[in-house]
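Down below is the structure, laid out as structure tokens.
The values are calculated or read from the model by the stated rules, or taken from the named source; none is laboratory data. Note that this is a predicted model, so its numbers are computed, not measured. Quick reminder, even Gly has a Cβ in these numbers, built from the backbone with ideal geometry, and neighbours come from all protein chains shown. Side chains included, ligands, DNA and RNA excluded: accessible areas come from the protein's heavy atoms. Shrake-Rupley method; radii C 1.70, N 1.55, O 1.52, S 1.80 Å.
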Amino acid sequence: MRSIWNGAISFGLVSIPIKLVNATESHAISFRQIHTEDNGRIRYRKVCELEEREVGQAEIGKAYEDADGTIIPITDEDLSHLPIPTARTIEIVAFVPGDRIDPLQMGSAYYLAAGGAPAAKPYALLREALKRSDKVAVAKFALRGRERLGMLRVVGEAIVMHGLLWPDEVRTPEGVAPDTDVTIRDKELDLADALMDTLGEVDLDDLHDEYREALEEVIAAKAAGEAPPEAPAPAAGGQVLDLMAALENSVRAARESRGAPAAGGEAEVRPLSRGRTAPKETGGKKSTSTTRKTAAAKKAAPARKSTSKATTKATSGTKKAATSKTTTSKSATAKSGTSGNPARSTAATKKATAAKAPTAKATTAKKTPSRKRSA
């Protein structure tokens, strides 16, 4: 790999001759500008404004334009005498934990190659010191006409330097986050966690630039005089109205795409069980009256059932004691009403009621006062 800068790493009194090599490369497809009528190239020519002629690279230099338009020429000789220690040196100023570096500051990456055999020993020393301390080195260096900030770390058996932005070059995220108050429920977070777990991890080596591949197919088809491939139909989308439903569908789709069975299949909606609730006591009399009516209704239902059974048995002529007593009490009650002796009728009714079952007693006791009132 071709070096783009030669210098040295300096920390303390240690100096390591190194070469700077690009650690990344771009595979982006570039285009030329053309005249659409005849496919002629559109070129940018470097023309001197005073002489109105095109000039070559050898005739082009650097200059600074002042606020009033004054041009101040700056030569390479001027730049080589800059009064800074980082003109040809990567000066390490500190060793800090890696998480102290904000990823927003990271820029281009460079490999630092040892500059010859004499650099092997100090190069390995710095590399092993960074490994054992589990730290990164913060350094300053000058490249392409300006001083820059860098971070040195170990990758494999090599030292890598990441160009860093200066802290004042990173903007604060003011006005970026939504300014409305939202409430995130635990159920939504649980589904988001489930989606993250389902998607899982990925080997970065398996990822590739699909856009570039599709662009290469279009170029190859055009070069062969064929029709370019058709774009796939866009996925059906719509406005997300229910965040929970969107999360559930995302988890289900992610599991299906990985061949994992959906947990529990489709969601099942179950009604909540309603327990008996005590009546509200809005007023003492109203609540007591309601309770008494409820109790009377509960007692009346079995009482009617018992009376119906007793009447059926008396009609069929059974000789059980309970049936005959019930019939006798009814006859005595009827006679006493005819003879007009209320005291004797009441006594006979009480005896008949005492001999009956509790259910029958409740029925007779309820009916007797009503007959007295009617009499």
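Here are a few things to note about the model shown:
- Residue list for region 46-79, filter: closer than 24 Å to residue 144 by Cβ, open to solvent by 100 Å² or more (accessible area, probe 1.4 Å) and charged (D, E, K, R): 46, 59, 62, 65, 76, 77
- Pairs meeting the criteria (first residue in region 56-83 and more than 24 Å from residue 7 (Cβ to Cβ), second residue among the small types (Gly, Ala, Ser), beta carbons under 7 Å, at least 6 apart or on different chains) are 71/63; 72/63; 73/61; 73/63.
- Boolean, residue 153 is in contact with a Leu (Cβ under 8 Å, 6 or more places away or on another chain) and open to solvent by 80 Å² or more (accessible area, probe 1.4 Å): yes
- Among the residues here, residue 159 does not qualify as among the aliphatic types (A, V, I, L, M), open to solvent by 70 Å² or more (accessible area, probe 1.4 Å), within 26 Å of residue 26 (Cα to Cα) and not in a loop (DSSP other than H, G, I, E, B).
- Subset of region 1-43 (residues that are over 20 Å from residue 80 (Cα atoms) and open to solvent by less than 40 Å² (accessible area, probe 1.4 Å)): 16, 21, 23, 40
- Residues that are assigned to a helix (DSSP H, G or I) and crowded, with 18+ Cβ neighbours inside 10 Å, drawn from region 105-121: 119
- Selection of first residues in region 139-156 that are farther than 10 Å from residue 90 by Cα and of second residues that are open to solvent by 50 Å² or more (accessible area, probe 1.4 Å), restricted to Cβ pairs under 6 Å at least 6 apart or on distinct chains, gives the following pairs, ordered by first then second residue: 154/131.
Here is a yes/no grid of residues against (1) within 30 Å of residue 121 (Cβ to Cβ); (2) at pLDDT 90 or above; (3) of a type in the set (S, T, N, Q):
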{"site": "4", "(1), (2), (3)": "yes, no, no"}
{"site": "11", "(1), (2), (3)": "yes, no, no"}
{"site": "19", "(1), (2), (3)": "yes, yes, no"}
{"site": "34", "(1), (2), (3)": "no, yes, no"}
{"site": "65", "(1), (2), (3)": "no, yes, no"}
{"site": "71", "(1), (2), (3)": "no, yes, no"}
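- Top-ranked residue of region 230-258 - restricted to ones that are small (Gly, Ala, Ser) and open to solvent by 70 Å² or more (accessible area, probe 1.4 Å), ranked as modelled with the lowest pLDDT: 237
- Check on residue 128, among the charged types (D, E, K, R), modelled with pLDDT under 90 and open to solvent by 20 Å² or more (accessible area, probe 1.4 Å): no
- Some residue of region 168-180 being in a helix (DSSP H, G or I), at pLDDT 90 or above, over 16 Å from the mean Cα position of the chain (by Cα) and surrounded by fewer than 10 Cβ atoms within 10 Å (Cβ to Cβ): yes
- Check on residue 88, loosely packed, with under 10 Cβ neighbours inside 10 Å, at pLDDT below 90 and over 35 Å from the mean Cα position of the chain (by Cα): no
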